[in-house]
Ligand SMILES: Nc1ncnc2c1ncn2[C@@H]1O[C@H](COP(=O)(O)OP(=O)(O)OP(=O)(O)O)[C@@H](O)[C@H]1O
Ligand SMILES: [Mg+2]
């Protein structure tokens with residue numbers, strides 16, 4: 001196998017890895033905000049459920065969670081899981097990352113001085129306006145470093161999709177390496193992850209700079 | 001009468017912070033509130049501006065009840081929508097300024113008028129620039145709060161409150177967070193507002209200022225109004241022993 005066929009075979013895996021990455025972010029970043037707000041709900045039951053969800057997610061390996069989401073429906077309900085692989089994968093990733101993002105958001109929201117809420121209240125902003133106009137923009141600035149960390153972890157975590165035999169770049173690297181007795185696929189995969197994270201850092205750095213106009 | 005606070009009671013847990021406090025503020029009047037730390041001055045302002053809810057008593061703005069006490073002795077407020085209207089009557093200037101750091105100075109002044117009061121951007125901007133001019137900081141309209149000195153920030157906070165065109169403006173120790181050399185510029189602005197007959201209630205430890213600017217002084221201690229009256233009477237000829245004791249600390 002030449003380098004270029006090897007690379008083009010793996011390029012499909014790279015696209016799939018990117019797909020997992022993008023869908024996870026798209027799902028977990030907003031969901032995390034909902035979870036963070038639910039954790040401050042007026043209703044004790046909601047708070048308990050949300051806290052349990054967060055500690056369960058954080059207390060078990062993502063790999064295990066992926067297996068549960070994939071095989072669970074079969075063992076529990078005898079569901080046909082033939083076409084369930086990809087949905088289960090994304091579900092597992094989104095629910096996992098939403099829990100981590102929720103904790104980041106919550107920390108950010110709680111770090112905003114109470115005086116900001118009071119100033120907004122006296123000026124007559126309603127709750128939604130206060131959150132959207134006053135609190136959230138400041139939260140976003142404060143949590144950027146933590147979010148960057150989380151996104152970088154996600155880039156690397158996409159390789160866990162191999163647990164469900166999803167053919168992303170890491171699974172392919174292993175297969176091709178075994179069949180071709182070559183080390184090259186791992187190098188290609190390594191460079192892929194590295195470059196991806198370099199881009200992440202670059203983009204996030206840009207965003208952080210753009211938010212640097214105030215302190 | 002702009003504001004009547006009648007028999008206000010407020011407790012946190014089993015700590016009675018306000019015990020039956022009553023006072024009025026007439027249109028154009030400047031009332032100073034003095035008193036030792038923990039006497040409930042901030043709590044009183046926070047009740048008047050609806051940041052805290054009272055447990056008993058009445059809050060009346062312009063003859064309309066915002067809160068009254070029912071037959072069971074509990075305070076009941078008007079509903080949410082009506083309360084918004086009452087909020088519009090009063091402004092509050094905080095000790096810590098509490099400007100919005102992500103908005104520039106102009107936006108700090110026009111955001112609420114536009115998005116809360118539904119005023120036009122042009123009108124709100126004109127009003128804001130006018131106020132900044134009066135505060136002597138028109139040239140900083142496009143700066144961000146962190147780029148301003150404490151004294152400038154507090155003047156912006158005053159302008160932000162005035163931009164809402166309140167009937168009455170409350171100040172909670174507006175100069176306490178400032179370096180001594182910066183208090184003058186803020187007091188000057190408040191004095192100027194007093195000259196224009198802005199209705200104001202000022203909690204302060206600046207006794208000479210209180211004496212010079214206010215029409216009436218309230219001395220609070222332990223959650224009650226111990227003494228109130230003309231500033232010259234209260235400062236130069238206090239009747240109550242506690243007032244005398246308190247004022248002695250400020251003389252040297
Ligand atoms: N949210 C709260 N929960 C519990 N206790 C409170 C709360 N706010 C105020 N207190 C208590 O109420 C009392 C009066 O507080 P307040 O802030 O009104 O006093 P103050 O006269 O403004 O004092 P200072 O001059 O120090 O600002 C204090 O004993 C304070 O600890
Ligand atoms: Mg106080």
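Values computed for the structure shown
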| item | result |
| --- | --- |
| Output for region B:102-112, where each listed residue is in a helix (DSSP H, G or I) and at the interface with chain A (Cβ under 9 Å from one of its Cβ atoms) | B:111, B:112 |
| Residue list for region B:9-32, restricted to those being more than 12 Å from ligand 1 (Cβ to nearest atom) and in contact (Cβ under 8 Å) with a residue 40 or more places away in the chain | B:9, B:20, B:22, B:23, B:25, B:26, B:27, B:28, B:29, B:30, B:31, B:32 |
| Region A:33-60 residues that are within 29 Å of residue A:160 (Cα to Cα), paired with ones that are part of a loop (DSSP other than H, G, I, E, B) (beta carbon under 7 Å, 6 or more apart) | A:50/A:39; A:51/A:39 |
| Output for region B:84-116, where each listed residue is within 16 Å of ligand 2 (Cβ to nearest atom) and in contact (Cβ under 8 Å) with a residue 60 or more places away in the chain | B:92, B:93, B:94, B:95, B:96, B:97 |
| Residue check, residue A:11 more than 14 Å from the chain's Cα centre (by Cα), without any contact (Cβ under 8 Å) to a residue 12 or more places away in the chain, in a helix (DSSP H, G or I) and surrounded by 12 or more Cβ atoms within 10 Å (Cβ to Cβ) | yes |
| Some residue of region B:93-101 being facing chain A (nearest Cβ under 10 Å), within 16 Å of the chain's Cα centre (by Cα) and not in a loop (DSSP other than H, G, I, E, B) | yes |
| Helices (runs of 4 or more DSSP H) enclosed by region A:45-129 - at least 2 residues per element that are under 23 Å from residue A:144 (Cβ atoms) | A:85-110, A:114-122 |
| Hits in region B:33-90 (condition: surrounded by fewer than 17 Cβ atoms within 10 Å (Cβ to Cβ), within 16 Å of ligand 1 (Cβ to nearest atom) and away from chain A (no Cβ under 14 Å)) | B:36, B:37, B:38 |
| Complete set of residues in region B:113-134 that are over 20 Å from residue A:116 (Cα atoms) and within 14 Å of chain A (Cβ to nearest Cβ) | B:118, B:119, B:124, B:128 |
| Members of region B:212-252 that are touching a residue at least 40 places away in the same chain (Cβ under 8 Å), surrounded by fewer than 18 Cβ atoms within 10 Å (Cβ to Cβ) and either over 21 Å from residue B:48 (Cα atoms) or touching a helix residue (DSSP H, G or I) at 6+ places or on another chain (Cβ under 6 Å) (or both) | B:247, B:250 |
| Residue in region B:66-83 that is within 16 Å of ligand 2 (Cβ to nearest atom) and either more than 22 Å from residue B:204 (Cα to Cα) or out of contact with any helix residue (DSSP H, G or I) (no Cβ under 9 Å at 6 or more places or on another chain) (or both) present | no |
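Here, each number is a calculation from the coordinates, and none is a lab measurement. Quantities reported herein were computed from a predicted structural model and do not represent experimental measurements. Because the Cβ atoms are built from the backbone with ideal geometry, glycine has one as well, and the counts that use them run over all protein chains shown.
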